[in-house]
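**Student:** For reference, the structure I am asking about is given below.
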Amino acid sequence: MISSPCTKVCVIDGAAGLCSGCGRTLGEIAKWGSLSEAERLAIMATLPERMRKNKLVIPGERAP
């Protein structure tokens, strides 16, 4: 099983260009299965800060 930040809330925020559920871009989502585990983990490490900067709700946290 590959690592994934998917929360099954697949809605792209138009202003940010990011998935509102996980913070990935459409390009990242599209190529996720072909990335190495190291590449996936590196992207996943950036997602919380990316979501904060774009004022998206981080799963498990309160809205800003």
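The values are calculated or read from the model by the stated rules, or taken from the named source; none is laboratory data. None of the values given here were measured: they were computed from a predicted structure. Counting neighbours? That spans all protein chains shown, and the Cβs are built from the backbone with ideal geometry, glycine included. Just so you know, the surface numbers come from the protein's heavy atoms only, side chains and all, with ligands and any DNA or RNA stripped out. Shrake-Rupley method; radii C 1.70, N 1.55, O 1.52, S 1.80 Å.
**Student:** Pairs only if they're at least six apart or on different chains, beta carbon under 7 angstrom, first in segment 1-25 and among the small types (Gly, Ala, Ser), second open to solvent by 30 Å² or more (accessible area, probe 1.4 Å) and not in a loop (DSSP other than H, G, I, E, B); list them, first residue then second.
**Tutor:** Pairs that qualify, where the first residue is among the small types (Gly, Ala, Ser) and the partner is open to solvent by 30 Å² or more (accessible area, probe 1.4 Å) and not in a loop (DSSP other than H, G, I, E, B), are 3/37; 3/41; 3/44; 17/25; 20/13; 23/50.
Let's see how each residue does on (1) in a helix (DSSP H, G or I); (2) acidic (Asp, Glu); (3) closer than 17 Å to residue 3 by Cβ:
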residue: 22; (1), (2), (3): no, no, yes
residue: 28; (1), (2), (3): yes, yes, yes
residue: 33; (1), (2), (3): yes, no, yes
residue: 38; (1), (2), (3): yes, no, yes
residue: 41; (1), (2), (3): yes, no, yes
residue: 46; (1), (2), (3): yes, no, yes
residue: 52; (1), (2), (3): yes, no, no
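**Student:** Something else: Could you identify the single residue in 63, 16 that is loosely packed, with under 14 Cβ neighbours inside 10 Å and either assigned to a loop (DSSP other than H, G, I, E, B) or modelled with pLDDT under 90 (or both)? Step through it out loud before you land on a result.
**Tutor:** Working: 16 fails: loosely packed, with under 14 Cβ neighbours inside 10 Å.
Answer to the selection: 63.
**Student:** Confirm whether residue 40 is in contact with a Ser or Thr (Cβ under 6 Å, 6 or more places away or on another chain), of a type outside the set (A, V, I, L, M, F, W, C), crowded, with 16+ Cβ neighbours inside 10 Å and modelled with pLDDT of 95 or more.
**Tutor:** On the way: in contact with a Ser or Thr (Cβ under 6 Å, 6 or more places away or on another chain): yes; of a type outside the set (A, V, I, L, M, F, W, C): yes; crowded, with 16+ Cβ neighbours inside 10 Å: yes; modelled with pLDDT of 95 or more: yes.
So residue 40 passes the test.
**Student:** Just name the residue that is farthest from residue 57 (Cα to Cα) out of those in segment 19-37 that are open to solvent by 50 Å² or more (accessible area, probe 1.4 Å) and of a type in the set (A, V, I, L, M).
**Tutor:** Per the criteria, the residue is 30.
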